[in-house]
Amino acid sequence: MILCVDTGANIPRGHWMWVDYQRWLDDGNTPLPLVPLKSLTEVKEDLLAAATAERWNRETGGIVLGGVQVGTTLDDQNRLSGVLSAIQLGGLESVDFKAQSGWVQLTAAELQGIALAISAHVQACFTAERAHHEAIEQLQTQADVDAYDVMAGWPPGSGLGHESPPVAGLGTD
């Protein structure tokens, strides 16, 4: 972990700013000597917060199903649940659905597949966050904390436009 002296933020290995730091080092720059400004416990708390923030970003960042970008925010999930309920109550065979990447017409079975994919995605994000929290709690030294990569170990397809497993009716038919 590095400390950004401009902002006071701790930047974990794997964070997008880490790349800038590595480039800065490669250009021949030398960081200031390490002066522990925070205790090991405080730095671990920062890592825990970073893991939680990363989980939220990935959880709500959407997934790609069959080439269609599908939102995964709480509002998106609630809207999908409402549409599924309406289909079941009203006997509709299909609905027009506005995904992040455009309009598609979906059947109840296809919507259920999307809901299951979103649920699996959200659960995988929480499982990864839990693994990070458990691993961070086990860190014993500043060197352990410095070497810890909070950006590793997240599920494929978690936010950021990565492709998730296919769902019938979404760009695969």
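Count the DSSP beta bridges whose two residues both fall in the chain, then state the antiparallel fraction as a percent rounded to the nearest 5.
Just about 90 percent of them are antiparallel.
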Exercise for the section: Send over a whole-number figure in Å² for the accessible area per residue of the chain, probe 1.4 Å. Expected result: 58 Å²
Problem - Residue-span extension gain [N29 to Q69] - 0.36 nm each, minus C-alpha spacing - result: 10.3 nm
Handout entry: the chain: relative contact order in percent, alpha carbon pairs under 8 Å with at least 6 residues between
Key = 34 percent
Problem - Scattering curve values for the chain, log₁₀ I(q)/I(0), Debye with Cα scatterers, q = 0.08, 0.09, 0.16, 0.20 Å⁻¹ - result: -0.36, -0.44, -0.91, -1.20
Problem - Theoretical FRET efficiency, 1/(1+(r/R0)^6), r = Cβ-Cβ of K38 and T127, R0 35 Å, to 0.05 - result: 0.80
Completion exercise
For D6 and D20, extending 7 Å from Cα along the Cα-Cβ vector and measuring point to point gives, in nm, a value of 0.5 nm
Exercise for the section: Return the inverse of the average 1/r over all pairs of distinct C-alpha atoms in the range 1-91, which is the Kirkwood hydrodynamic radius, in Å to one decimal. Expected result: 16.9 Å
Practice task
Measure nothing but the geometry: give the 0 to 90° angle between the long axis through the Cα atoms of 74-90 and the longest principal axis through the Cα atoms of the chain, rounded to 10°.
Solution key: 20 degrees
Handout entry: Most positive-pole-ward Cα, T52, L40, V19, against dipole of the chain from beta carbon charges
Key = T52
Handout entry: GNM result for the chain, Cα springs below 10 Å: residue of V150, V122, V95 fluctuating most strongly
Key = V95
Problem - Theoretical FRET efficiency, 1/(1+(r/R0)^6), r = Cβ-Cβ of E134 and T107, R0 41 Å, to 0.05 - result: 0.50
Handout entry: Loop GluC sites (Glu not before Pro), the range 1-101 (other Cβ atoms within 10 Å of the site Cβ: 15 or fewer; DSSP)
Key = E93
Completion exercise
For the range 3-143, the percent of accessible surface on carbon and sulfur atoms (probe 1.4 angstrom, ligands and nucleic acids excluded) is 56 percent
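If you place +1 on the Cβ of every Lys and Arg, -1 on the Cβ of every Asp and Glu, and leave all else neutral, what size is the dipole of the range 41-124 about its Cα centre, to the nearest 20 Debye?
That gives a dipole near 140 debye.
The values are calculated or read from the model by the stated rules, or taken from the named source; none is laboratory data. Keep in mind that this is a model prediction, so the values were computed, not measured. Neighbour counts run over all protein chains shown; Cβ positions are idealised from the backbone, glycine included. For accessibility, only protein heavy atoms count, side chains too; no ligands or nucleic acids. Shrake-Rupley method; radii C 1.70, N 1.55, O 1.52, S 1.80 Å.
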